Amino acid sequence: QFNPRDLLAATMTELKKSDSMFAYFNTSNQQFPETARWCLCAIKNLTRPSKDPLAAHAVIDTGVVPLILRIVIVNRSGEESAGSSNATPKPSEPLEQNSAEADFNNPMGWEANSMQDAALFSLLNLSTTHPARHYLKEVDAVHVLSMIADFPTTNNSAVPQSEDADPQVANQDFQCLKARMALAYLVGGEGHYGQSKSRGSSFPGHPDESVLLIMASEAAQLEELLSNTLHQRAKEGPGGYSAATFTVKGVLFGIRCLLTNNLNQNTFSTTCGVKLNCLLMKALAQHAIQRVLTIDAEAAEHAAFSLYLLSSFGFSSPFLTTNLEGD
């Protein structure tokens, strides 16, 4: 019998024996790009958050995650390969490249359902699974994801006023938001107040929590994402998503993880504090009163704890909108 996991694991073993696995990723020089895109989309769908982490374990066991990380490496011009040519590079190490290819792989060109979009979604899905987080840290996923999340600031490409006019900026912002959410799960998802501590707490090189810091534009995007997900709405156009792309629990957990950083608490409060408070209260009400199936006890806990973490800032100003304050 053919076992997809064993077949993929055998293929990855063969690739590790050659240099092809660590070659510079260039979508214009792929032998079967549509097949690769289809496979990545399949991995993305298989790793969607669920109560059973079997798919996440299977993907990790195949050894394909370092290759997925390669696909979303953000390349900058002028970088040279780190280490000797005989050494096996880590996923986050810059690769040998020429100046013509240097700016090719960046979030501005990662359109919906592209290879990079599917690869980043796969990493986002894996990072929501508790058993997968330790492994993702071991393969340097935190550094790779931080290069994506910080791309607008490090490359001076954050131009909010032109987002509606420039589809590339909208694509970039969406991809960077996905990377920031994955970082939130990996770095802010355990070991903080009100969270369980990882059994692998002895893991050397604890990730730098500065990767959790968000800009005001990211806070507004997360508030919009929570609103759309909570109301089962899609977002049209570049940088958009369907109503089923994200789960309410996943978005609430991402916000809770980001709020473990005190600076983010202030950013959320000053940017969209009142709107976010209303959405968090609505999520609690839908669980406690309306019994909405998409908001279980765990999702309600994320909402309640987010309100608690916002209380130092979000409650110092009007907590709800003015038309509800008198009720």
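The values are calculated or read from the model by the stated rules, or taken from the named source; none is laboratory data. None of the values given here were measured: they were computed from a predicted structure. FYI the Cβ positions are ideal-geometry reconstructions off the backbone, even for glycines, and counts take in every protein chain you see. Side chains included, ligands, DNA and RNA excluded: accessible areas come from the protein's heavy atoms. Shrake-Rupley method; radii C 1.70, N 1.55, O 1.52, S 1.80 Å.
Using the Cβ atoms and a cut-off under 12 Å, what net charge is assigned to the surroundings of residue 258, where Lys and Arg are +1 and Asp and Glu are -1? Don't jump to the answer; show the numbers that get you there.
Details: positive: 180, 256; negative: 209, 218, 223.
Net charge around residue 258: -1.
Please turn the phi angles of the stretch 34-40 into ³J(HN,Hα) values with the Karplus equation 6.51 cos²θ - 1.76 cosθ + 1.60 (θ = phi - 60°), one per residue in order, whole Hz, x for glycine and proline.
Running phi through 6.51 cos²θ - 1.76 cosθ + 1.60 with θ = phi - 60° gives 5, 5, 5, 5, 4, 5, 5 Hz.
Quick one: length gained pulling residue 236 to residue 166 fully straight, 0.36 nm per residue minus the C-alpha distance?
Contour length minus the Cα-Cα distance gives 23.8 nm.
Ignoring ligands, DNA and RNA, what accessible area per residue does the stretch 255-304 give at 1.4 Å, in Å²?
On the way: 2270 Å² over 50 residues.
Accessible area per residue, the stretch 255-304: 45 Å².
List, in order, the whole-Hz ³J(HN,Hα) value for each residue of the stretch 289-303 obtained from phi through the Karplus relation with A = 6.51, B = -1.76, C = 1.60 and θ = phi - 60°; use x for Gly and Pro.
9, 7, 6, 5, 5, 6, 10, 8, 4, 5, 5, 5, 5, 4, 5
Classify the stretch 206-314 from the C-alpha gyration tensor, please: rounded if a/c falls under 1.5, else prolate or oblate depending on whether a/b exceeds b/c.
Oblate, because a/c is 1.5 or more while a/b does not exceed b/c.
Length gain on complete extension for the stretch residue 291 to residue 32, per 0.36 nm per residue less the alpha carbon to alpha carbon distance?
88.5 nm
How would you rank 122-133, 226-237, highest first, on the average number of other Cβ atoms within 10 Å across their residues?
122-133, 226-237
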